[in-house]
Amino acid sequence: MAYEAVIGMEVHVEINTRSKVFCACSTAFDAPPNTNVCPVCLGMPGVLPVLNREMVNKTVAVGLALNCRISRWSKMDRKNYFYPDLAKNYQISQYDLPLCQEGFLDIEVDGATRRIGITRAHMEEDTARNTHSIGGGQSGVDFNRAGVPLLEIVTEPDLRSADEVYAYLTMLKQILEYLDASDCNIEEGSLRAEANVSVRPVGAQTLGVKTEIKNVASLHGVTKAVEYEIARHVRVLDEGGTITQETRGWDADRGLTFSQRQKESAHDYHYFPEPDLAPIVVDEAWEQRIREGLPELPAARRSRFSDQYGLSTYDAAILTATRAMADYFEATAACGADPKQAANWIMGDLQALLTLSAMDIRACPVQPDALAGMIALIDDGTISGKIGKDVLGEMFATGKTARAIVEAKGLTQISDADALRAVILEVIEKNPAQVEQYRSGKEKVLGFLVGQVMRATQGKANPRLLNDVLLAELRKP
Amino acid sequence: MAWYGKTAHELIEAVSQRQASAVEIAESYLGRIEAVEPRVDAFTQVWRDSALEQAARVDARIARGENAGPLAGVPVALKELLCTVEGETTCASRILAGFRSPYDATAVQRLKAAGAVLLGKLNMDEFAMGSSTENSAIKLTRNPWNPECVPGGSSGGSAAAVAADECAFSLGSDTGGSIRQPAALCGCVGMKPTYGRVSRFGLVAFASSLDQIGPLTKDVRDCALALNVLCGHDPMDSTSADVPVPDFTRGLDGDMRGVRVGLPREFFTDALSGEVREHVEATVKALEARGAELREVSLPHSEYAVATYYIVCTAEASANLARFDGVRYGFRHPEAKTMLDMYVMSKTGGFGPEVQRRILLGTYVLSSGYYDAYYLKAQQVRTLIKRDFDRAFEQVDVIAGPTSPTPAFRFGEKTADPLTMYLSDIYTISCNLAALPGLSLPCGLTASGLPVGLQLLGRPFDEEMLLRVAHCCEQLRGGIGKPPLA
Ligand SMILES: [Zn+2]
């Protein structure tokens, strides 16, 4: 039987406010255990939460970017359950009135656009972190993470394949990065993706039994786990079996999902409105202020890059992958560099240099104006493109401008025909055998001769001029 | 000299006139505590050394000619559930035995900044759940007027200590009458300010949407002085109101002419004990003689107040008290081997029966399938109760009635039946549900020598009207004297 997969995603992202969502503690990730804590996030007796306004701002920004309706009036609720990583034994979350509702995100897979419904995005607080490796039969709780602001983004069951899951998560991550809302570091746990997977016969209207995949530590892991899970559902059903509703983990080494927890009778979290916090009223003016402050989002920027700079769809996608990369490109173009050349240099040599030194473009030692300056030297014939590669490497290593390097090292291109002819004649004289071969029809040796001239000029020969003069000399009898 | 018999405003005057030093006053009160505590048992902790140090600091500031604050040298004691760095904060519960708070409640900080001298902490019903202080895990507190009777609750220690002159005034907390009812039973003035007037930061929560800190004082002027220091917006409490705080002493002597006093039909029923009714009615009549206009009003949803209250407060309490789990602080059962055991055994061993009853009730009313029938319905009724008051306050400026249906009752009289106990708060509960200010002041003694309280309820943030009317009552009827303590 032919099946179709039905997948919904629940993504938790830590929002990168400086302080926690209900107290003034730092949200820094790598502090020693229990150093970013205070009576509020430790759930001491008598403390009260105060909602971080920046969290509301960032949530509304994400909501708008995901085409959500922003609730004019929403509230926080208490979600009650007992666990040692939960200081108050209730989590302050949003239950029936999330701040953002009914949005969508358009994703692209194999050139086709699919619209994924966003059910809701709501604010809550992160829990502490339990460790069971401290020894002595004891467990430890690190409350540094307790109270870090979390945004939970829930989709409709609109995704149909692992590729769509990958595209959705990539797009979502990109948007969150563009909004400077989250670090989205899935390895460090600042982005946690859970997939609800079920399959049904093609054409069926009802949903199959779903399983929930949790605790996957990478984007590719999530995709692989979904792929595996879809295949497993199909296999089980084809063999006449039934799917058990449960939570499953992902074993990355063995490449398979495994049962973690059977669904007990549905949890009762005894939700009720948080009486310690006032309702959250985001009026039109507040929403408008945030809307006006939104940056150009990835999809819009991508298509503008194609239109405005004449870039291919592929290049535009790569250059808009992160906001910093796109900003860098536009700054370089704004300094007068030809956009296509700038794009090639950034995606090629510059990216290679960054990758080699494991550096983010935000920390790039070559500023956009410096890169534009280097491209200008190629444009006006001062240096060749080949020399440009070396110059860029030098710029990256020293932070000097292209012109300074070219002048200091005497790398200016030889564009004087007479000067070049003298070198060429010398090469012809020193390589009679190759010259003879060329003249008898083996035109491939031309490359060798060009190489010899370049070597003799330390690469400074203007390539086109070199070609012209060399050919002219070889044709002479 | 016996400074302990004086009111706070008399002490402030004495200190400013250099008739008394803060240390002399503190010593006088500490001596009084030593003398009468065996009879009253209001204190859970007495901070003798730190009180004398604080008093010495006040004296030093005065000697240097500095402003030592509006309550300079006034000895104050605190309900056991207010967080203090000094001493312990146990909420009179075994589950917090020995617990030391890392911070001071905002109200405590304000008292300290105002120059008050903190004497120690006072007994209460465990986690403020009760109306007689019999639910304390620490001790029984006796009514200074009659050692066979309860002081009321939950702020029983706060009321008894003021009545017994063991402090100039005290702080209590009021969730459904926990300041006003013990104030009535012990013969002092007790005010629950409007919800949001006083920061709740550092008040260990029982029911967050109802709790409010307030003073218990020897007279109405002291109540105004205490409010001047306690009230005000606190950025640490999102429910604290950002509204201007007047000088509450200014309007005390206002005229009664034209003041409309509402008497709710539903409060003067057969349930009301004869003597309580007599004293309340006599006081109200006296107000009328001074020019106040009496009007009957109706609060038709009053009969649902107790039921509504016990759904709302237990629901909130079930979550508020969840944090006492033995993981980070407080009592952890030593024999618990597993995580579940740790929770169950620590809570079962740490909480008293009334607290457990309310946690279970609250958990029940929030459980799925029952939420709409109980919690949601209660919230709707709460709105109706609030509307009753809104309507009444279109016709009157203040509502008057009894604080408690009976005077102080005997130990054990109501412990067997929780419902009977719950009904002691029948007149005080609506005020919390409607977030109004409420005040109780003594208006007479019964034949057997027990105080009777008159309750005044006002519009939100109109504590001034309550104080003005209360002050007039006090002048008209005179004090009720001092309890018969040796
Ligand atoms: Zn904190």
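Among the listed pairs A:Lys386/A:Lys430; A:Lys79/B:Lys386; A:Lys340/A:Lys442; B:Lys112/B:Lys347, those with a Cα-Cα distance over 30 Å are A:Lys340/A:Lys442; B:Lys112/B:Lys347.
For the stretch A:296-409, pairs of C-alpha atoms spaced more than 21 angstrom apart make up 33 percent of the total. Counting Cβ atoms of other protein chains within 10 Å of each Cβ in B:195-205 and taking the mean gives 3. Gyration tensor over the Cα atoms of the stretch A:1-144: the corresponding equivalent ellipsoid has semi-axes (square roots of 5 times the eigenvalues, largest first) of 33, 21, 15 Å.
A simple charge model with +1 on the Cβ of Lys and Arg, -1 on the Cβ of Asp and Glu and nothing else charged puts the dipole of the stretch A:239-381 at about 300 debye relative to its Cα centre.
Peptides A:413-425, B:109-121 ranked from most to least packed, by the mean per-residue count of other Cβ atoms within 10 Å: B:109-121, A:413-425. Among the trypsin sites (Lys or Arg not before Pro) found in the stretch A:205-265, those both in a DSSP coil and sparsely packed, with 10 or fewer other Cβ atoms within 10 Å of their Cβ, are A:Arg254. Here the calculated FRET efficiency for A:Gln138 and B:Arg410, from their Cβ-Cβ distance with R0 = 35 Å, stands at 0.10, rounded to the nearest 0.05.
With each label point set 7 Å from Cα along the Cα-Cβ vector, what nm distance links A:Ala352 and A:Asp468? With each label placed 7 Å out from Cα toward Cβ, I get 2.9 nm. Computed over the Cα atoms of the stretch A:84-204, pair by distinct pair, the Kirkwood hydrodynamic radius stands at 16.8 angstrom. Taken along the Cα-to-beta-carbon direction at a fixed 7 Å, the label points for B:Lys285 and A:Ala278 span 4.7 nm.
Sorting the segments B:199-208, A:152-161, B:377-386 by their mean number of nearby beta carbons within 10 angstrom, highest to lowest, gives B:199-208, A:152-161, B:377-386.
The length gained by stretching the chain between B:Ser298 and B:Glu88 to full extension, at 0.36 nm per residue less their Cα-Cα distance, is 71.1 nm.
Using C-alpha pairs below 8 Å separated by at least 6 residues, the relative contact order for the stretch A:1-78 is 24 percent. When Lys and Arg each count +1 and Asp and Glu each count -1, what net charge do the other residues less than 10 Å away from A:Ala162, Cβ to Cβ, add up to? Computed value for this residue: -2. Helical content of chain B, expressed as a calculated mean residue ellipticity at 222 nm, amounts to -11500 deg cm²/dmol (DSSP H runs of 4 or more residues, -39,500 (n - 2.57) each, divided by residue number, nearest 500). The protection proxy used here, the mean number of other Cβ atoms lying within 10 Å of each residue, ranks peptides A:327-334, A:465-472 as follows, highest first: A:327-334, A:465-472. The label point for B:Leu376 and the one for A:Arg160, both projected 7 Å from the Cα toward the Cβ, are 3.7 nm apart. Taking chain A as the reference, fit the longest principal axis to its C-alpha atoms, fit the long axis of helix A:463-475 to the helix C-alpha atoms, and give the angle between the two in degrees, 0 to 90, nearest 10. The angle comes out at about 30 degrees. Each of A:Met1, A:Met123, B:Met465 has some number of other Cβ atoms within 10 Å of its Cβ, and from fewest to most they run A:Met1, B:Met465, A:Met123. When the trypsin sites (Lys or Arg not before Pro) in the stretch A:1-99 are filtered for DSSP coil states and for at most 16 other beta-carbon atoms within 10 Å of their beta-carbon, the remaining sites are A:Arg18, A:Arg72. What the Cβ-Cβ distance of A:Lys430 and A:Asp369 gives, at R0 = 30 Å and to the nearest 0.05, is a FRET efficiency of 0.10. Look at the stretch B:363-372: the mean tally of other chain Cβ atoms within 10 Å of its residues' Cβ atoms is 3.
Put a plus charge on the Cβ of each Lys and Arg, a minus charge on the Cβ of each Asp and Glu, and nothing anywhere else: the dipole of the stretch A:417-474 about its Cα centre is then about 200 debye.
Once the C-beta distance of A:Ala2 and A:Arg261 is scaled by a Förster radius of 41 Å, the resulting FRET efficiency is 0.85 to the nearest 0.05. Estimated from helical segments only, the mean residue ellipticity of chain A at 222 nm is -12000 deg cm²/dmol, where each DSSP H run of four or more residues counts as -39500 (n - 2.57).
With contacts taken as Cα pairs under 8 Å and at least 6 residues apart, chain B reaches a relative contact order of 18 percent.
What the Kirkwood sum gives for chain B is a hydrodynamic radius of 22.2 Å, with every pair of different alpha carbons counted. Using only Cα coordinates, the Kirkwood hydrodynamic radius of chain A works out to 26.8 Å.
Averaging the sequence gap over all C-alpha pairs within less than 8 Å and six or more residues apart, then dividing by the number of residues, gives the stretch A:3-286 a relative contact order of 24 percent.
Name the residue farthest towards the positive end of the dipole of the stretch A:175-224 from the options A:Ile213, A:Val202, A:Cys184, assuming +1 on Cβ of Lys and Arg, -1 on Cβ of Asp and Glu, about the Cα centre. Checked the options; the winner is A:Val202.
Taking each residue as 0.36 nm, the span from A:Leu294 to A:Thr247 lengthens on full extension beyond its C-alpha to C-alpha distance by 13.2 nm.
For a paramagnetic label modelled on A:Thr113 (point 7 Å from Cα along Cα→Cβ), amide N atoms under 17 Å away belong, within the stretch A:53-72, to A:65-68.
Projecting the Cα positions of B:Pro235, A:Gln245, A:Pro298 onto the charge dipole of the protein assembly as shown (unit charges on Cβ atoms of Lys, Arg, Asp and Glu, taken about the Cα centre) puts A:Pro298 furthest along the positive direction.
The dipole here belongs to the protein assembly as shown: it is taken about the Cα centre, uses +1 on the Cβ of Lys and Arg and -1 on the Cβ of Asp and Glu, and is about 600 debye. The GluC sites (Glu not before Pro) of the stretch A:181-244 meeting both criteria, a DSSP state outside H, G, I, E and B (loop) and at most 12 other C-beta atoms within 10 angstrom of the site's C-beta, are A:Glu187, A:Glu188, A:Glu239. Look at the stretch A:77-83: the mean tally of other chain Cβ atoms within 10 Å of its residues' Cβ atoms is 4. Rounded to the nearest angstrom and listed largest first, the equivalent-ellipsoid semi-axes of the protein assembly as shown from its Cα gyration tensor are 76, 33, 25.
Coordinate-derived values only; no laboratory data. Just so we're clear, the structure is a prediction, and the values are computed from it rather than from any experiment. For neighbour counting, all protein chains shown are included, and Cβ atoms are generated from backbone atoms with ideal geometry for every residue, glycine included.
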